[in-house]
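The values are calculated or read from the model by the stated rules, or taken from the named source; none is laboratory data. Not measured: the values here are computed from a predicted model. In this analysis, Cβ positions are derived from the backbone assuming ideal geometry, glycine residues included, and neighbour counts consider all displayed protein chains.
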Amino acid sequence: MDKTKKRALIMILIAIAIIIVGVIIAIVKGFNFDLLYDGGKRIEVDIGKQFEVKDIEAITEEIVGKNSCVQTVEIYKESVSIFAQDMTEEQRDNIVTKINEKYGLELDAKASEIIDVPHTHLRDIIKPCIMPLVIATILILVYIGIRYIRKTSVEILLETIIAIILGQALLFSILAITRIPIGKLTIPMILSTYILSTTFCTARLEKYVQDKEKEEEKSKSEEK
Amino acid sequence: MKKAIKILTIILTIILVSMIGFIGIYVQKQNRMENIVKDYDYAMDLKGARIIAIKPEEEIETKIKDAEGNEIEEELTDEEIKEKGYTKEEVNKNAEKLTLENFKQTEEIIIKRLEQLGLDDYNIALNEQSGEIKIEIEENNSTNSIISDLYTTGNFEISDSETEEVLLDNQYIKEAKVGYISETNGTSVCLQIELNSEGRAKLEEITNTYKTVEESEEETATEETSESEESEEASETEETDTAEEAETEETDEETKQKEITMKINDQTIMTTSFDEPIHTGKMQLTVGSASSDAKTINEYAEKALSYATILNNGKLPMDYEVSGNEFIYSEITNQEILYAIIGIAGITAIALMYLIIKYKLHGLLASFSFIGFVSTLLLLIRYANVVISLGTIFAGVIALVINYLILIKILKKKEKNEFVTFFFKAIPIAICSIIFCFMDWIPIASFGMTLFWGVILTLVYNYLVTAPVLSILENKE
């Protein structure tokens, strides 16, 4: 076995090992979802004047912990949406009291109803990607088939499909292992991984074709 | 000397483009400086979104039960209830409909409606316990009208205007679409409803039953009735008064105009009869009146599309109400975006420093060219109307990496025809980017567009700028 093949085999084995670990973690622990995608409790406080998000973040963090998110509401930016994985009525009351203290207000905590925010499923997040990726894969396979038809075989097409699937499996395994949250960045990550895996395949094929051409030229010149 | 001037001109052009791309062009407008370079257009993930929450409507009904749990029909006061030992319970009338199956069906219908309304950039989440659905959509002028289309039950009914007997409903609809009719006084918008085979037969039957009775027919019928009455008198037969009345009623019923009422979402659209029987199973309802004003036509078309969307995707299994509706800014702040940009700029600076150290003057020129490439790409993105999302940042980084790699190839002069090699390697990327460009979902489309322009610019820019500059320098040396 030559060095390149050996290196490729090691890489594939490492990738498979990562995927296996990722699958186990995904089954046992599931994926880590971004707070806004994971669902939880949300309240809205109408402060009535412009405020610093940092101040509200500090108050929220003190009461419900770091697993929270503060967002400005409506165009006048005078209301705030506070999102936390869990929030009791007591915690809500404390948040509103602290906001009152900070801004010299007399807001009624009960006016900020605790809203249940549902969990967004992974399938709903990745669903829009499936169709474009399938179409792109078919067209890329057609291109590879045409461009490398004389120099390559069906194996190459299979290798490309495997590389694409392996790339995505590796991405989700890394997400499961590293606990990188599934959220707004997931789609760009999927697309980038896809681009990288297809580029890797064609770059390899192009190199293979060039090497073969060089070999042929060399043998021809030797014959002459 | 001539070559030095050429290099200097290209460098100055790059500096100029970079300044426009990174800073802009400022002109004085009403005592303030305004950037006339087109601004970036941000997508929902960076700008924020309208977040709508809908939940199953509660129809509270008070039930009085005795000690054994039997329902008491009679109306009682609180005191009487207490006296008799009964209990009062508040029950949701729709409780039976609150099933997971119905919640999921509602979610599916809403997704279909969103897609038919052309809103492909959305996020939806269902609370499987309560049936509450959270929908995130882009904020624009039509957002408010779209919201009502999403949670409307979508009842379609054709019923007898008097008896209110339902003759046709949603289950018979095959397709509803918007149509336009050119008339002498402008264009009129119509809602075309096509029924399935069963519906077609039903409609034919309805149009025969509810046929418009023409005035002349009515008159003839009345004449006939009076003639018969006269003849009866003449012959002096022994018919009773009751028989005479029954005959007159029967004749009245035959000649009386029967009408249908068409309702969409319990709102009466029209009450009418049919001039001719409809055999095609197609109905055409005019929305608004004929107009030549584009704005008015668009308004009618939007209304027709709204009806079509509701009718096409079935009716919701239960009534829903809005429990939340507000615009919420993205949790990704401007400061966080700035940090990301600084990070990318830092890495780029290190990579360019490497080029300068390794390739000296060639590396410096290549770095200049790289900066020019970035600013040109930023301008191109803005003028090509690419909506900036997180995908744009990822695709932009990929484009920068590709450009950097091709720069190294040019500097190394490793391959004679590096542009041809790059072209073949870039074809799959181009295929992906073109496919992504045509997707309606903004995060994918913006990723595709940025990548597409990035790849095209890499080819064109390096062929026209980088390679000639470096070759001039080489010849000089």
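Observations on the model:
- Helices (runs of 4 or more DSSP H) lying entirely in the range B:368-477 (those with 3 or more residues that are over 29 Å from B:Thr9 (Cα atoms), under 24 Å from the mean Cα position of the chain (by Cα) and at the interface with chain A (Cβ under 10 Å from one of its Cβ atoms)): B:390-412, B:418-437, B:442-461
- Consider the range B:134-158 and keep the residues that are over 17 Å from the mean Cα position of the chain (by Cα) and within 21 Å of B:Pro56 (Cα to Cα). The one that is surrounded by the most Cβ atoms within 10 Å (Cβ to Cβ) is B:Phe156.
- Residues that are surrounded by 13 or more Cβ atoms within 10 Å (Cβ to Cβ) and within 30 Å of the chain's Cα centre (by Cα) within the range A:41-55 comprise A:Lys41, A:Arg42, A:Ile43, A:Glu44, A:Val53, A:Asp55, listed in sequence order.
- Condition met for A:Ile43 (touching a Ser or Thr at 6+ places or on another chain (Cβ under 8 Å) and closer than 21 Å to B:Asn127 by Cβ): yes
- Residues of the range A:65-95 satisfying the condition of being crowded, with 20+ Cβ neighbours inside 10 Å, touching a strand residue (DSSP E or B) at 6+ places or on another chain (Cβ under 6 Å) and under 20 Å from A:Phe51 (Cα atoms): A:Ser68, A:Val70, A:Gln71, A:Thr72, A:Val73, A:Val80, A:Ser81, A:Ile82, A:Phe83, A:Ala84, A:Arg92
- Complete set of residues in the range B:116-133 that are over 14 Å from B:Ala49 (Cβ atoms) and surrounded by 15 or more Cβ atoms within 10 Å (Cβ to Cβ): B:Gln116, B:Leu117, B:Leu126, B:Asn127, B:Gly131, B:Glu132, B:Ile133
- A:Ile126 vs. criteria modelled with pLDDT of 90 or more, outside the structural domain of A:Thr60 (by TED's automatic domain parsing) and within 25 Å of A:Leu185 (Cβ to Cβ): no
- Among the residues making up the range B:260-316, a single one is among the basic types (Lys, Arg) and assigned to a loop (DSSP other than H, G, I, E, B): B:Lys315.
- Filtering the range A:106-147 to residues that are more than 30 Å from B:Glu115 (Cβ to Cβ) and more than 10 Å from chain B (Cβ to nearest Cβ) leaves A:Glu106, A:Leu107, A:Asp108, A:Ala109, A:Lys110, A:Ala111, A:Ser112, A:Ile114, A:Gly145, A:Ile146.
- Counting the residues of the range B:37-64 that are exposed (fewer than 12 other Cβ atoms within 10 Å of the Cβ), in contact with a strand residue (DSSP E or B) (Cβ under 8 Å, 6 or more places away or on another chain) and outside any strand (DSSP E or B) gives 0.
- Selection count where residues are over 28 Å from B:Ile332 (Cα atoms) and surrounded by fewer than 14 Cβ atoms within 10 Å (Cβ to Cβ), scope the range A:1-35: 19
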